[in-house]
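Okay, so here's the structure we're looking at.
The values are calculated or read from the model by the stated rules, or taken from the named source; none is laboratory data. Worth saying up front: this structure is predicted, and the values here are computed from it rather than measured. Glycine also receives a Cβ, built like all others from the backbone with ideal geometry; neighbour counts cover every protein chain displayed. Only protein heavy atoms, including side chains, enter the accessible area calculation; ligands, DNA and RNA are left aside. Shrake-Rupley method; radii C 1.70, N 1.55, O 1.52, S 1.80 Å.
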Amino acid sequence: MEIHHSKHESWSDTESTSSSRVGYSGPLSGPILVNNANKKHSSKKSARFKDGDEYVEITLDIREDSVSVQNIKGGDPETAMLATKLEKRPSFGSQLSFKIRQVSQELKRMTSMKAAAPFNRADRNKSGAARALRGLKFMTKNVGTEGWSEIESRFDELSVNGSLPKSLFGQCIGMNESKEFAEELFEALARRRGITSSAVNKAQLREFWEQITDQSFDARLQTFFDMVDKDADGRITEEEVKEIITLSASANKLSKIQECAEEYAALIMEELDKDNLGYIEIYNLETLLLQAPSQSTNLVTDSRILSRLLSEKLVPTKEKNPIKRWGRGLAYFSEDNWKRIWVLALWFSICAGLFTWKFIQYRHRAVFDVMGYCVTTAKGAAETTKFNMAIILLPVCRNTITWLRSRTKLGVVVPFDDNINFHKVVAWGIAVGVGLHAGAHLTCDFPRLLHATDDEYEPMEQFFGEERPNNYWWFVKGTEGWTGVTMVVLMAIAYTLAQPWFRRNRLNLPKPIKKLTGFNAFWYSHHLFIIVYALFIVHGYYLYLSKKWYKKTTWMYLAVPMLLYACERLIRAFRSGYKSVKILKVAVYPGNVLSLHMSKPQGFKYTSGQYIFVNCADVSPFQWHPFSITSAPGDDYLSIHIRTLGDWTSQLKALFSKVCQPPSVDQSGLLRADIGKGENKPRLPKLLIDGPYGAPAQDYKKYDVLLLVGLGIGATPLISIVKDVLNNIKQQNEIEEGVKNKRKPFATKRAYFYWVTREQGSFEWFRGVMNEVAEYDRDRMIELHNYCTSVYEEGDARSALITMLQSLQHAKSGVDIVSGTQVKTHFARPNWHKVFKHVAVNHTDKRVGVFYCGAPGLTGELRRLAQEFSRKTSTKFDFHKENF
């Protein structure tokens, strides 16, 4: 409804000529007209609405700087409260017109709803109203006066000749990511005001801004309705619903919903257009928004337990005493990291002890008189390098570590999860040792020896010969020299290409150089260690200052670790040689994910959370790549899911895609191949596997409660755990029914699985598992939560229609429109604090295993929350991570 300003004529039922105030009223269906002729200082405007045989008349006193309600005839208390909104703030110009129109629209909606029979108005109970007020937010930030100042400054920057084009409207109001949605919003706001041009001035933009930032639910509902109602006739047809579904799906990057827009439009019309009128009205949308959702997306907790939890002071209080604050922080750090601390302290102590021992030894030898502290530093660093070159092999002895963590109790005191991190720390120690050793020799020892007098050189003859070195090249060309320099170069190459920015191709390098980086470069350069160790032994044998064999200790340090590592590699080679697997099923999913189902080799036993190495000779006969096992130990097959991120995985996907075909209707994936027993079997690449190997996630069985968090492809090891917990539930049910089972049940009684992904297609990866859990787990022992981050958060107007569709579809068929599973999808990112609170209040005095697999960015927050809730509640959270 619009309010028209006319200087010459008016539509009215009553007019008082004896008063300086003139009142106007009109029917609900027509426009409200205001006569401003010769009324410069004040005027009276009234609107009368028909409701059956009753009239509601509101008389307003409008002055230059204020508006007051003079009289209200008819109506109910809600009408009176609505009218009083006009008195709350002085208004003038466009602001006044906008407010009058807003109240008129509210009144029209209220009275039309009363007149519409047999429709009963939606009950705005507390929960429904509260939920509705959180919905349909067009702007979630910079709302109000402060927000307008930013919009105004952007308008000044973007406007052309004082007008803002429609194409820049989204950028101006901060809706940069949804340009099409912003343009539709612009058109709806313009239609409401009769603006036909494709640009607005600052005053009109201010009106637009006030409407889209209005915090009342009815104003937001009207704006959304106007977006759908393209012809502004107050009715929404099925075609208009289809258009807005397509627009919302596009804004939220939901391609599958776009494809089914016609089907979902029919679903909305079927639900709301009960009388088959061919259209719906604004109250129908309100009904849909206010109705209770079929499955609450909020975390519900018992109020009694929650009160108890809050009484335990979850909110941290800052210690005023800096010494106590520092001491408490140190105590917390020690409590959380004591395993790492004692291992690093032991390692550092051994390195320091070896350095000091060698330093003192050479301090009392004759060479000290010529080379000074340079030689003591070089020899001390050499001793620590021998030690570190020996122990750096131990963290990568995968079979040994898996056996130790699975078969012994050493995991209580040794942080096996940090084996690769310790490998990196030792590599850093080697780099420091090599730097000190080589630097001291090349820049200090050799120059001093060359410049020594004959008397000073005389004690050195037994080491360097009677004919003293005559130049620097003498040292470099010797066996000791060229082996040392070569090792330094090879180590530098391996160390550089192992850095994340090279290994993961994060640097924007020229193409010729970029080909020399990536995982392949990392893998091959790391295998230069074979040459390095050979040179290291030779270098340690041809020493300048030690001639007796028992003083040449390099081989003594390396013997046991190298023998252990050699046995490891032999076991891997032997085991993988006969562990050739048969491919049972191949599927290529959205998001560049390849799923492989393989036969399980005879005697192959594993635990959920573990991983295997895979080799494909058709891609590379030498490379082995690790992938988490996604099948459960109780399954009769072995499965992995591979995301194509690098050159090796891309080539593997290309090989298997050649044998795949588009799936049938009841199957998932983009491409699929189910290898049966027929004669026309496609030729598949041959795969070898090696494993299984231990991972942090395999320790889940010792916890009663699990909190599993997976980001994207990081969900792979957790899916295996979810399946194993489900199988454990089935097994316990069978035992209760008297069925014997050889497999021993484990402790886990409850699991919470949170999977966060940015792509809708990702949910296809594990659709079967999700449906199986939802169907079988009647007691809700496994709580599944899917989050799609491409969809705007619940309450945002851009995702409002998606939320409506989701509720309707889930109530009708039990299938979620986003994930395509029985598990309802949440939008945006989880509130992790609420997640931990939800688990804590439902499992007091329990120990919860938190297992996270995904990008390292979330690790810090989850670890901090696990520590915070462990300290301040009776629930203890043990955090485990595995970064992908």
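Karplus-based coupling profile of the range 550-563, in residue order and whole Hz: 6, 8, 8, 8, 4, 5, 5, 5, 8, 4, 5, x, 5, 5, with θ = phi - 60° in 6.51 cos²θ - 1.76 cosθ + 1.60 and x standing for Gly or Pro.
For the peptides 842-851, 333-342, 633-642, residues were scored by their other Cβ atoms within 10 Å and the scores averaged per peptide; the highest-first order is 842-851, 633-642, 333-342. Gain on full extension, evaluated as 0.36 nm per residue between Met556 and Ile513 minus their Cα-Cα distance, stands at 11.5 nm.
Would you mind estimating how fast the range 225-288 diffuses translationally, via Stokes-Einstein at 25 °C and 0.890 mPa s with the Kirkwood radius over Cα pairs, in µm²/s? In µm²/s, the coefficient rounds to 206. From most to least packed by mean Cβ count within 10 Å, the peptides 473-479, 536-542, 709-715 give 709-715, 536-542, 473-479.
The 3J(HN,Hα) values that the Karplus relation (6.51, -1.76, 1.60; θ = phi - 60°) gives for the range 444-449 are, in residue order, 10, 4, 5, x, 5, 5 Hz. Gly and Pro appear as x. With a simple spin-label model that places each label point 7 Å from the Cα along the Cα-to-Cβ direction, the separation between Glu180 and Asp156 comes to 3.5 nm. Placing R0 at 51 angstrom, the Cβ-Cβ distance between Gln215 and Asp779 gives a FRET efficiency of 0.75 after rounding to 0.05.
Close amide-amide hydrogen proximity is noted between Leu687 and Val581, each under 5 Å apart and 5 or more residues distant or on a separate chain (H modeled in the peptide plane; Pro and chain starts excluded).
Leaving out ligands, DNA and RNA, and with a 1.4 Å probe, what % of the accessible surface on the range 772-849 is carbon or sulfur? Could the numbers behind the result be given before it?
Values: 1210 of 2940 Å².
Result for the range 772-849: 41 percent of the exposed heavy-atom area is carbon or sulfur.
Non-local lysine pairs in the range 497-619, meaning eight or more places apart or on different chains, with alpha-carbon distances under 21 Å, amount to 6.
Magnitude of the charge dipole for the range 339-574, about its Cα centre and with charges confined to Cβ atoms of Lys, Arg (+1) and Asp, Glu (-1), is about 1600 debye.
Considering only Thr384, Pro395, Phe464, the residue lying farthest towards the positive end of the dipole of the range 339-574 is Pro395, judged by Cα position with unit charges set on Cβ. A Förster distance of 51 Å, applied to the separation of the beta-carbon atoms of Trp428 and Glu466, puts the FRET efficiency at 0.75. Within the range 582-625, whose backbone N sits under 12 Å from a point 7 Å along Cα→Cβ of Gln651? Correct set: 616-624. Considering the range 356-482 at the alpha-carbon level, its Rg and Dmax are found to be 20.1, 64 Å.
Once you sort the root eigenvalues of the Cα gyration tensor of the range 201-257 as a ≥ b ≥ c, which label holds: rounded (a/c under 1.5), prolate (a/b larger than b/c) or oblate (the other case)? Verdict is prolate for the range 201-257. Percent of C-alpha pairs per 10 Å bin in the range 496-647, short distances first: 8, 26, 28, 22, 11, 4, 1. Put simply, the amide H of Arg750, placed in the peptide plane, has neighbours under 5 Å in Leu706, leaving out anything fewer than 5 places away on its chain.
Under 25 °C and 0.890 mPa s, how fast does the range 796-876 diffuse according to Stokes-Einstein, given a Kirkwood radius computed over C-alpha pairs? Answer in µm²/s, whole number. Before the final figure, lay out the partial values.
Values: Rh = 15.1 Å.
D, rounded to a whole number, is 162 µm²/s.
How fast does the range 339-574 diffuse by Stokes-Einstein, in µm²/s, taking the Kirkwood radius from C-alpha pairs at 4 °C and 1.567 mPa s? D, rounded to a whole number, is 65 µm²/s.
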